[in-house]
1. Residue by residue through segment A:68-77, note down the ones that are open to solvent by 10 Å² or more (accessible area, probe 1.4 Å) and out of contact with any Pro (no Cβ under 6 Å at 6 or more places or on another chain).
2. Pick out the one residue from A:Arg43, A:Arg37 that is modelled with pLDDT under 85, within 7 Å of chain B (Cβ to nearest Cβ) and over 13 Å from the mean Cα position of the chain (by Cα).
3. Residue check: is A:Val33 surrounded by fewer than 24 Cβ atoms within 10 Å (Cβ to Cβ) and within 21 Å of A:Val108 (Cα to Cα)?
4. Can you tell me which of A:Leu83, A:Leu103 is of a type in the set (A, V, I, L, M), more than 30 Å from B:Trp119 (Cβ to Cβ) and at pLDDT below 90?
5. Pick out the one residue from A:Ile184, A:Ile198, A:Ile169 that is touching a residue at least 40 places away in the same chain (Cβ under 8 Å), under 17 Å from A:Ala146 (Cα atoms) and of a type outside the set (Asp, Glu).
6. Residue check: is B:Ile101 hydrophobic (A, V, I, L, M, F, W, C) and within 18 Å of B:Leu81 (Cα to Cα)?
7. Return the pair list, or none, for Cβ contacts closer than 6 Å from residues in segment B:242-253 that are touching a residue at least 24 places away in the same chain (Cβ under 8 Å) and in a helix (DSSP H, G or I) to residues that are of a type in the set (S, T, N, Q) and open to solvent by less than 40 Å² (accessible area, probe 1.4 Å), at least 6 apart or on different chains.
8. Considering each of A:Ala161, A:Ala183, A:Ala202 in turn, give the residue that is assigned to a helix (DSSP H, G or I) and at the interface with chain B (Cβ under 8 Å from one of its Cβ atoms).
Amino acid sequence: MTDLALHIPTGVIDIPTSLVFAAIAALAVGACVIAARRGLDERLVPLAGLATAFIFAAQMLNFPVAAGVSGHLLGGALAAALLGPWVGALCVTVVIVIQALLLADGAVTAIGLNVLNMAVVSTFVAYAVITLALKAFGRNRRGLIAAVFVASIFSVVAASAAFMVEFAIGGESVQSFGAMLTAILGTHVLIGIGEGVITAAAVTAVALARPDLVHALKGARLDAPAPQQETA
Amino acid sequence: MNGAEGLFRPGDSPLHRLAPQTKVVALVVFSFAVAATDREAVWAFGAYAAILVALFWLARIPAGWIMVRSLVETPFLLLALAFPFLVGGATVEAGPLDLSIDGLWAGWNLFAKATLGVWAALLLAATTPVAALLAGLARLRCPDILLQITAFAVRYAHLTIAEVTQMRLARLARCDDPRFLWQAGALARSLGTVFIRSFERGERIWQAMAARGYTGRLPLDVGPAAASARQWTAAMGAPALAAGIAMWTAVAM
C-alpha cells in the first residue's frame, strides 16, 4: 500500500493552487473542531488525542498483501467508522501535520492539500458510504463488514481523485491526462481493497466487543441474525 | 521510525539552539522559495542543495541518515520517472526511447523540489524536540485545541505503538506468519483491540483530569519564550538567501 497519490511532496502542485486548497482545508478543519467540540465537549482533547495515537499505531502496522509485498493502512475509513467524520477527520489531520513537521513525510507547502485529500475527503466519503450501505445491507455483522469494506475502497479512491483534481488545476500539463487518471485511480482501487479487508475486520472486532465505541453504529448493538425458521 | 519522538537527534549545534518558532517560519519560507523557482534554473537548485548541506554540516547530521530518511519520497519519484512518457511536445531520442523534452523537465522539477523539500523538513525535525516544536507553533498562534490534541497524541503514541509491537511479538511467538492479505485476520483484530484499549485509556485520562479540575482548557498558560531579533535574523538567513535566488530566477528567465 504505497500511498501513491497521497503525501504530496514539494513542487507537484503549484503555489497558488496549494494556497487556495490550504484555505479550504483550514475552513474544513475549523468546522471539524467546532462539530467535534459539540459532540465531546471537554472530553475532546484526551479522547481525540488517544484516538490520534491509535491511528498513528495503525499506520505503522505492516500487513501482507501478497507474497513479499506488504503495506500499511491510510486510516481514513477506520477513523470514520470508529470515531465519526468530525473527530475522525480531526485525528487524521493531526497525524498528517505530525508527519510533515516531525517525520518530514509530505511537503510543508502541500500540507493543505494533504489534509484535504487524506483527512477531510477520505473520512467524509467513507462515513457517507458507511451510513448509506448500512441502510442497504442491514445492521448485522455481514452488513457492517460489507459497508466498511465498500466505504474503504470509496474513501481511498476519492482521496486519489481529489489529488487528480488538484493536479489538473495546478500540476504539470500532461498530454495523456486520461491515461494517468486511469492508472492512478486503478492503483487506488487495488489499495482500497487491501485497506477494506483490514478495516472491515478491525471494525467488526470492535463492534462485537464494544458496539458503543463504533460511531457508525450510533451506539447500538448489531442486530442478531434472524432466527432460523423451524420446520416441523 | 518512532512516531513519538519524531526524528529528533540530540545535539548542541547553533541550529539546535535556535528558537523553534523561527525555525518553523524559516522552513515554510524556504519551501515556498524552492517551489517557486523556475525549473530550468538548474544552478538555483544546486545553490539550495549547497545551503542545506552546509546547514546539515553545521548541525552535525550525517549524510547516511539523510539519505535513509529521504526514502519517504520514493513513490513520487516513480511519478517523476513516468513524466517523460506522459507529457507531449517535442521529443528527444535516448537509445530506443522517445522522451518528451517537456516531460524530462517536469520529472526533474518534481525530483529536485521534492528532495529539497524533504531535506529542509528533515533539518527542522532533526534539530527540534517535539515539545519545543509544539511551543513554537503555539507562539505562531496555531489553534490551541489542535496543539493540545497533538501533544496528547505524541505523548501516548509511545504506548499505542508499544502495544501494537507487543501484539505482533505475541503473534509471531505463536507461529502466525501471514503471507497474503486474506490471512491477516488476526492482525486486523489486534488493531480493533488496540482501538478499544486506546479509547478506554482516553476515558480514564479524561476522568483523572476532570478529578483535578479540568474544564476543557489546560489551566497553565505555559507561554513559550519569545525569540530575540538576533535569533530571527540568524534563522531567516538561509531562507532569505533562497528567496533571493528564487526572485533572481523569476526575473532572469
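The values are calculated or read from the model by the stated rules, or taken from the named source; none is laboratory data. Computed from a prediction, not measured in an experiment: that's the story for all the values here. Cβ atoms come from the backbone with ideal geometry, glycine included; neighbour counts cover every protein chain shown. Each accessible area value is taken on the protein alone, full model and side chains, heavy atoms only, with ligands, DNA and RNA left out. Shrake-Rupley method; radii C 1.70, N 1.55, O 1.52, S 1.80 Å.
1. A:Gly68, A:Val69, A:His72, A:Leu74
2. Just a single option satisfies the conditions, and that option is A:Arg43.
3. Working: surrounded by fewer than 24 Cβ atoms within 10 Å (Cβ to Cβ): yes; within 21 Å of A:Val108 (Cα to Cα): no.
No: the conditions fail for A:Val33.
4. Working: A:Leu103 fails: more than 30 Å from B:Trp119 (Cβ to Cβ).
Result of the check over A:Leu83, A:Leu103: A:Leu83.
5. Numbers: A:Ile184 fails: under 17 Å from A:Ala146 (Cα atoms); A:Ile169 fails: under 17 Å from A:Ala146 (Cα atoms).
Criteria check complete, one pass: A:Ile198.
6. For B:Ile101, the condition - hydrophobic (A, V, I, L, M, F, W, C) and within 18 Å of B:Leu81 (Cα to Cα) - is met.
7. B:Ala246/B:Thr37; B:Thr249/B:Thr37
8. Step by step, each of A:Ala161, A:Ala183, A:Ala202 is checked, and only A:Ala202 is assigned to a helix (DSSP H, G or I) and at the interface with chain B (Cβ under 8 Å from one of its Cβ atoms).
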